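Asker: Below you'll find the structure I mean.
Read-outs throughout are calculated quantities, based only on the coordinates presented, and are distinct from any laboratory measurement. Computed from a predicted model, the values in this text were never measured in an experiment. Virtual Cβ from ideal backbone geometry, glycine too; neighbours counted across all protein chains shown.
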Amino acid sequence: MKNQKHLFQLPEDIHYLNGAYMSPLLRSVEEIGIESLILKRNPTGIQPKDFFGNAEILKSNFGKLVNCPAKQVAIIPAASYGLSSAINNLPLDNGNTALVVSEEFPSGYYAIEKWCNKNHKTLQTIKAPEALEKRGEKWNQSILEAINENTATVVMSTIHWTDGTLFDLKAIGRKCRENNALFILDGTQSVGALPIDVEEFQIDALVCAGYKWLMGPYSIGLAYFSEFFNNGIPLEETWVNRSNAQNFSGLTNYVEDYAPGAGRYNVGEYGNFILLPMMNEAIEQILEWKSENIQSYCQQLTQPLIEFLRGNGFWVEEDDFRAKHLFGFLLPPNISQETLLQKLNEKKIYVSVRGKAIRLSTHLYNTEKDIEMLIQTLEEL
Ligand SMILES: Cc1ncc(COP(=O)(O)O)c(C=O)c1O
């Protein structure tokens, strides 16, 4: 896979190693966004069918990315919305404990914490090991060991959002299924850049904000809900999710039933004429690139950095337990985080700080030069 920087408009003098914060906009996504914005100048061009048609294409494309039917996909405004939709519909009779991993992103954490408090369930956090040796392997082991017949659900991210720890989703999904626990995942930090398969991993809900690795605009995301959720209660009652929504002249012939599959979990006004075409354009580009190619491009690109870090007293997770598009590294004691951040700032190298880790994330718009600049800066320190 070749570098794709020409498809973006990042300024030449910056080194953007921070897609985990927000992806830059593809040129093609920007263009379709502008065209779509202008459509409303003259509303006669927007037909009732347009409230639904774009959504069907988008859901089908997201389904191709994660291996599910379009019918089981909902369009959501934020990860929090999708996670709350799933968590609010968890069964109450399949166990008394909900599992999360330490420092889970707040969008999922608050929802499961609330559910536990409301339903008198125990929230159990599986902490990352203190010791760094074999940290990822041991963390995975303790997650698997914690799942038992008393587990109602496991709510976690596909990879850890602060440091890119890879979780063995297949093994966790299997253990959940064996114990009748629902497996709810926040895919925001990996779906689009790391392959995932909801069938193979026995996932019950997979929720993704769209503005990071799905490379879309802000305020739109996508979620897969397994058939388990098909009769659940949505967060809101919007007319667009009812089975008669496409018949604009008969909307007040009120009906009880919803659009099939996960249709009830779409956000109100989900047919957003600007955001949907943008999101769809981005996902079509990802489908063309293929997530596995993005992952291997990032692996190759960052290999010299990984070697440098390991050879110079920095800590970085072992390869088998580290995503290649997003990972954290810890500084040796003689380098202060403050000094490093100041240097990076001077050189226009963009990364994130999450806890003690420096979080670095790469994509097809990054070049060897970006990585060389980072190594050079670390070397100087
Ligand atoms: C793992 C993860 N989930 C979700 C989000 C965004 O959540 P929301 O869409 O609810 O704002 C982020 C943003 O950094 C994230 O890292």
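Asker: Relative contact order of the stretch 318-377, please, whole-number percent, based on alpha carbon pairs below 8 angstrom and at least 6 residues apart.
Answerer: Taking the mean separation of contacting Cα pairs over the length of the stretch 318-377, I get 41 percent.
Asker: Follow-up. Give a residue-ordered list of calculated ³J(HN,Hα) values for the stretch 299-304 (Karplus: 6.51 cos²θ - 1.76 cosθ + 1.60, θ = phi - 60°; whole Hz; x for Gly, Pro).
Answerer: 4, 5, 4, 8, 3, x
Asker: Take the residue pairs Lys2/Lys290; Lys71/Lys118; Lys64/Lys170; Lys134/Lys324; Lys175/Lys324 and return only those whose Cα atoms are more than 22 Å apart.
Answerer: Beyond 22 Å: Lys71/Lys118; Lys175/Lys324.
Asker: Find how much the distance from Asn293 to Leu92 grows on full extension, using 0.36 nm per residue of separation minus their present alpha carbon separation; answer in nm with one decimal.
Answerer: Between Asn293 and Leu92, full extension yields an extra 68.3 nm.
Asker: Find how many whole Å separate the alpha carbon centroid of the stretch 203-277 from the alpha carbon centroid of the stretch 136-201.
Answerer: Computed from Cα coordinates, the inter-centre distance equals 25 Å.
Asker: So, one more: Counting only residues 5 or more places away or on other chains, whose amide H sits under 5 Å from the amide H of Ile126 once H atoms are built in the peptide plane?
Answerer: Val100, Val101, Ser102
Asker: Then there's this: Which peptide among 30-41, 58-69 comes first, and what is the full order, when sorted by highest mean count of other Cβ atoms within 10 Å?
Answerer: Put in order of decreasing packing, that is 58-69, 30-41.
Asker: What length, rounded to one decimal in nm, is gained on full extension from Ser102 through to Glu318, with 0.36 nm per residue of separation minus their alpha-carbon distance?
Answerer: 75.8 nm
Asker: Now, a different point. Could you work out the per residue convex hull volume over the alpha carbons of the chain, in cubic angstrom?
Answerer: Cα convex hull per residue, to the nearest whole number: 136 Å³.
Asker: Right, here's the next one. Among the lysines, which fall within straight-line cross-link reach of Lys347, defined as a Cα-Cα distance under 16 Å, with same-chain neighbours fewer than 8 residues apart omitted?
Answerer: List returned: Lys369.
Asker: Place the peptides 268-279, 241-252 in order of packing, highest mean first, counting for every residue the other Cβ atoms within 10 Å and averaging per peptide.
Answerer: Peptide ranking by packing, descending: 268-279, 241-252.
Asker: Roughly how tilted is helix 337-346, in degrees to the nearest 10 and between 0 and 90, from the longest Cα axis of the chain?
Answerer: 80
Asker: Once phi is turned into θ = phi - 60°, what whole-Hz ³J(HN,Hα) does the Karplus curve with 6.51, -1.76 and 1.60 give for every residue of the stretch 6-12, x standing for Gly and Pro?
Answerer: 5, 8, 10, 10, 5, x, 5
Asker: Another one. How about the stretch 155-248: which GluC sites (Glu not before Pro) there are in a DSSP loop, with at most 13 other Cβ atoms within 10 Å of their Cβ?
Answerer: Sparse-neighbourhood loop GluC sites (Glu not before Pro): Glu199, Glu200, Glu236, Glu237.
Asker: A follow-up question, please. Please compute the contact order of the stretch 43-288 in relative form: average sequence separation of alpha-carbon pairs under 8 Å and at least six residues apart, divided by the residue count, as a percent.
Answerer: Contact order relative to length: 27 percent.
Asker: Do the sum for the chain: with -39,500 (n - 2.57) for every DSSP H run of n ≥ 4, divided by all residues, what is the mean residue ellipticity at 222 nm, to the nearest 500 deg cm²/dmol?
Answerer: -11000 deg cm²/dmol
Asker: Percent relative contact order of the stretch 1-126, based on C-alpha pairs within less than 8 angstrom and at least six residues apart?
Answerer: 15
Asker: Separate question: Under 5 Å between amide H atoms, partner at least 5 residues away or on a different chain: which partners does Phe8 have, H built in plane at 1.01 Å?
Answerer: Placed amide hydrogens put Arg27 under 5 Å from Phe8.
Asker: Using the Cα gyration tensor of the stretch 1-71, with a ≥ b ≥ c the square roots of its eigenvalues, what is the shape: rounded (a/c below 1.5), prolate (a/b larger than b/c) or oblate (neither)?
Answerer: oblate
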